[in-house]
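The values are calculated or read from the model by the stated rules, or taken from the named source; none is laboratory data. Everything numeric here is computed off the predicted structure, so don't read it as measured data. Neighbour counts are summed over all protein chains in view; Cβ atoms, including those assigned to glycine, are modelled from backbone coordinates with ideal geometry.
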Amino acid sequence: MTDVRDVIIVGSGPAGLTAAIYAARANLKPLVIEGEPSSTVDQPGGQLMLTTEVENYPGFIDGIMGPDLMKRFRAQAERFGADIETARITKVDLSTRPLALRSGERELRARSVIVATGAQSRMLGLDSEIRLLGHGLSTCATCDGFFFQEQEIAVVGGGDSAMEEALFLTKFASKVTVIHRRDELRASKIMQDRAFANDKIEFLWDTVVTDLVGTDHLEGARVRNVKTDAESTVALAGMFIAVGHVPNTTLFAGQLDMDQNGYLLTTPDRTATNVEGVFAAGDVRDHVYRQAVTAAGSGCMAAIEAERWLEAQH
């Protein structure tokens, strides 16, 4: 049998690396499987690697670039003895003891596992999104709304999340245009009423975004009316895509309990899953806050819970 680790952490965003810091300081010698750079599902460093400036993470008065923040997380985890490997877990068996994880042809064994595989924002599928993400295009109003003071911006979507984003952005923008592919919103009645009552919010109905305008920063969007096929260009300083998130939990289907949207379910106020010795941290279980600081906090919780669980087993 391969060497058995006390804890293996799957994922290397704020949750995974914070868990690694705490687990390493507890002398658990954690192994972090950070994902592969070519993968959109388990990219090393998580979603912050796609973020430019982060101004709301405590301790950085003048802000910090997302990738730089994650480099610091990683270096701190390694300083305390965490092993970090660039690989992708392709299969898990949580019914056996020790717990089994497979990366290609290699099998890994662990007494406990912390799942921190995160979530990814649903995108529109445009080639230009890759170029402009973090340069006027965003998936997080809480993260980036501040940068659009008195500018005209747009939100794509029609659900509660889109209305929440639009309402929040009116604190900064001069105008927020909601672009929705239907002629009515999917959002709850109370969220619709709030959006309709806000004079900074306008609606572009029956409309889809077909392309983004701008080379190194967003300048506007090409849109098409789905009923008339009429196309036009909307000048914008920023755009927020709010068409939902997808938790990276396919790997654990049928083994860990999930809600209807695929987010891992944990014991209330804890990170323990339905499988003994398996814990979940970060956006893989959080569909409410989705912030780096809350992900880091749950990574800390998962590591402490794993340490206590291992101690109880021994």
Subset of the stretch 134-163 that is in a helix (DSSP H, G or I) and among the charged types (D, E, K, R) - its residue that is modelled with the highest pLDDT | Asp144
If you go through the stretch 249-294 one residue at a time, how many are among the basic types (Lys, Arg), crowded, with 16+ Cβ neighbours inside 10 Å and at negative phi?
-> 1
Residues in the stretch 220-233 that are among the hydrophobic types (A, V, I, L, M, F, W, C) and loosely packed, with under 15 Cβ neighbours inside 10 Å: how many?
-> 2
Quick check, is Glu184 out of contact with any strand residue (DSSP E or B) (no Cβ under 8 Å at 6 or more places or on another chain), acidic (Asp, Glu) and more than 13 Å from Val156 (Cα to Cα)?
-> yes
Which residue out of Ala116, Ala162 is in the same structural domain as Ala253 (by TED's automatic domain parsing), out of contact with any Ser or Thr (no Cβ under 6 Å at 6 or more places or on another chain) and closer than 30 Å to Leu265 by Cα?
-> Ala116
Hey, which of the strands (runs of 3 or more DSSP E) in the stretch 81-133, taking only ones fully inside, have at least 1 residues that are closer than 18 Å to Asn274 by Cβ and out of contact with any His (no Cβ under 8 Å at 6 or more places or on another chain)?
-> 91-93, 99-103, 106-115
Give me a count of the residues in the stretch 165-179 that are surrounded by fewer than 22 Cβ atoms within 10 Å (Cβ to Cβ) and under 23 Å from the mean Cα position of the chain (by Cα).
-> 2
Residues in the stretch 234-248 that are in contact with a strand residue (DSSP E or B) (Cβ under 7 Å, 6 or more places away or on another chain) and surrounded by fewer than 22 Cβ atoms within 10 Å (Cβ to Cβ) total 6
Within the stretch 285-308, which residues are among the β-branched types (Val, Ile, Thr) and within 21 Å of Asn56 (Cα to Cα)?
-> Val288, Val293, Thr294
Can you name the residue in the stretch 283-293 that is outside any loop (DSSP other than H, G, I, E, B) and out of contact with any Ser or Thr (no Cβ under 6 Å at 6 or more places or on another chain) and is also farthest from Ser12 (Cα to Cα) among such residues?
-> Val293
Only one residue in Thr228, Thr210 is in contact with an Asp or Glu (Cβ under 9 Å, 6 or more places away or on another chain) and in a loop (DSSP other than H, G, I, E, B). Which one?
-> Thr228
